[in-house]
Amino acid sequence: MCRQVVKIYQTTTGRVQAVRGVDLEIDAGTATAIVGPSGSGKSSLLRMIAGLDEPTVGSIEIAGEDLFARNGRARAARRSALVTHVYQRPSDNLIEHLSARQILQRQRRGAGCPTPDEALHALALTDRGDHRPSMLSGGEQQRLALARAMVVGHPLVIADEPTAQLDPAGALAVLDAIDVLAARGTTVIVATHDDRVLPRMTQVVTLREGSVGSITHAGTELAVIDRSGRLQLPPEIRERFAGRRARLEWDAAREVIEVSRP
């Protein structure tokens, strides 16, 4: 999806490199969490994946298509056909004066997408179809936002802190809804600081200082080697190399890279 992506912003104090050569592959029909501290480049990367900001260098593909090969209205049209956003505040995702079923009826695209009633059933909202958003709990509103993504049928859903304002029961219901979306072939990318989310993800991508520091699969954190051959060391190891130089040796018998001070 991302190939050598760089994002540089020009500010009043100079140039800021927010994203530094990110390589990232995300399989269709999986759920990925993007995590990292403030300033790690998380928001910048997500805006580029969503097609909102253009990379300074590199390319990004969604469902095999490079949005930035298009300009202006053509890009916006393709973005609206490929990406659904689920915002952090549940009410921002919904139309207040419509019922849940009416929201889904208005959003549905194409004969191959689930019907509103099918989506409500899949996300355990069958008995809420005639309720307006203000009559739903925060968790129900977020599940309705994910039901909206389901009936729209976009290949990519980007959810910004979807559990941040929810109690444990509401968060669990939203994570169950993300599982349903992924099982139907939708790719879901979640930006989160919520540790409750991470065990439910297919992979967790940790950003550090604008680069992919590690990727965690099935509870195992893996260091990343980018397309240029650069190895990202975890912070607890990197801080031991004050001179920012290391000697690498490959032990073929054990298939182990040994890192030592020069």
Does segment 81-108 hold any residues that are at pLDDT 85 or above, assigned to a helix (DSSP H, G or I) and not aliphatic (A, V, I, L, M), and which are they? Asp92, Asn93, Arg101, Gln102, Gln105, Arg106
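Go over the candidates Arg89, Arg73, Arg78 one by one and state the one that is charged (D, E, K, R) and under 30 Å from Arg132 (Cβ atoms). Quick ask: steps written out before the conclusion?
Details: Arg73 fails: under 30 Å from Arg132 (Cβ atoms); Arg78 fails: under 30 Å from Arg132 (Cβ atoms).
After ruling out the rest, the residue left standing is Arg89.
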How many residues are farther than 25 Å from Met48 by Cβ and of a type in the set (A, V, I, L, M, F, W, C) if we restrict to segment 179-202? 2
Among (1) more than 21 Å from Ile34 (Cβ to Cβ); (2) at pLDDT 85 or above, Leu207 falls short only on (1)
For segment 54-76: of the residues being exposed (fewer than 13 other Cβ atoms within 10 Å of the Cβ) and assigned to a helix (DSSP H, G or I), which is modelled with the lowest pLDDT? Gly72
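How about segment 1-49: which of its residues are hydroxyl-bearing (Ser, Thr, Tyr) and under 29 Å from Ile178 (Cβ atoms)?
Filtering segment 1-49 down to residues hydroxyl-bearing (Ser, Thr, Tyr) leaves 9, 11-13, 30, 32, 38, 40, 43-44.
Within segment 1-49, Thr30, Thr32, Ser38, Ser40, Ser43, Ser44 qualify.
In this structure, is Val151 touching a Leu at 6+ places or on another chain (Cβ under 6 Å) and closer than 17 Å to Leu24 by Cβ?
So Val151 does not fit the description; no.
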Would you kindly identify the strands (runs of 3 or more DSSP E) lying entirely within segment 196-262 that contain at least 1 residues that are surrounded by fewer than 11 Cβ atoms within 10 Å (Cβ to Cβ)? 220-223, 247-251, 256-260
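Going by the conditions given, is Val188 under 18 Å from the mean Cα position of the chain (by Cα), under 27 Å from Arg89 (Cβ atoms), at pLDDT 90 or above and among the β-branched types (Val, Ile, Thr)? Please lay out each step first, then the result.
Values: under 18 Å from the mean Cα position of the chain (by Cα): yes; under 27 Å from Arg89 (Cβ atoms): yes; at pLDDT 90 or above: yes; among the β-branched types (Val, Ile, Thr): yes.
Judged against the criteria, Val188 is a match.
In segment 122-141, is there at least one residue being in contact (Cβ under 8 Å) with a residue 12 or more places away in the chain and out of contact with any helix residue (DSSP H, G or I) (no Cβ under 9 Å at 6 or more places or on another chain)?
As a first pass, look at segment 122-141 and keep what is in contact (Cβ under 8 Å) with a residue 12 or more places away in the chain: 122-125, 128-134, 136-141.
With the extra rule that they be out of contact with any helix residue (DSSP H, G or I) (no Cβ under 9 Å at 6 or more places or on another chain), the set shrinks to none.
Checked segment 122-141: no residue is in contact (Cβ under 8 Å) with a residue 12 or more places away in the chain and out of contact with any helix residue (DSSP H, G or I) (no Cβ under 9 Å at 6 or more places or on another chain).
Can you tell me which of Thr187, Thr220 is in contact with a strand residue (DSSP E or B) (Cβ under 6 Å, 6 or more places away or on another chain) and either hydroxyl-bearing (Ser, Thr, Tyr) or not assigned by TED's automatic domain parsing to the domain that holds Arg47 (or both)? Break it down into steps so the answer makes sense when it comes.
Values: Thr220 fails: in contact with a strand residue (DSSP E or B) (Cβ under 6 Å, 6 or more places away or on another chain).
So the residue among Thr187, Thr220 that is in contact with a strand residue (DSSP E or B) (Cβ under 6 Å, 6 or more places away or on another chain) and either hydroxyl-bearing (Ser, Thr, Tyr) or not assigned by TED's automatic domain parsing to the domain that holds Arg47 (or both) is Thr187.
Residues of segment 96-110 being touching a residue at least 24 places away in the same chain (Cβ under 8 Å), surrounded by 14 or more Cβ atoms within 10 Å (Cβ to Cβ) and not basic (Lys, Arg), which ones?
Of the residues in segment 96-110, the ones touching a residue at least 24 places away in the same chain (Cβ under 8 Å) are 96-101, 103-104, 107-110.
Those still in the list that are surrounded by 14 or more Cβ atoms within 10 Å (Cβ to Cβ) too: 98-101, 103-104, 107-108.
Within segment 96-110, Leu98, Ser99, Ala100, Ile103, Leu104, Gln107 meet the criteria.
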Could you tell me which of the residues Ser260, Ser211 is more than 14 Å from the chain's Cα centre (by Cα), hydroxyl-bearing (Ser, Thr, Tyr) and not assigned by TED's automatic domain parsing to the domain that holds Leu24? Ser260
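Test of understanding: among Val197, Val174, which residue is at pLDDT below 90 and either under 18 Å from the mean Cα position of the chain (by Cα) or more than 28 Å from Val16 (Cβ to Cβ) (or both)? I'd like the intermediate steps shown before the answer.
Values: Val197 fails: at pLDDT below 90.
After ruling out the rest, the residue left standing is Val174.
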Would you check if there is a residue in segment 17-28 being touching a residue at least 40 places away in the same chain (Cβ under 8 Å), in contact with a strand residue (DSSP E or B) (Cβ under 9 Å, 6 or more places away or on another chain), loosely packed, with under 15 Cβ neighbours inside 10 Å and in a loop (DSSP other than H, G, I, E, B)? yes
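The values are calculated or read from the model by the stated rules, or taken from the named source; none is laboratory data. Remember, predicted model here, so these are calculated numbers, not experimental data. Methodologically, a virtual Cβ is constructed for each residue, glycine included, from the backbone with ideal geometry; neighbour enumeration extends over all protein chains shown.
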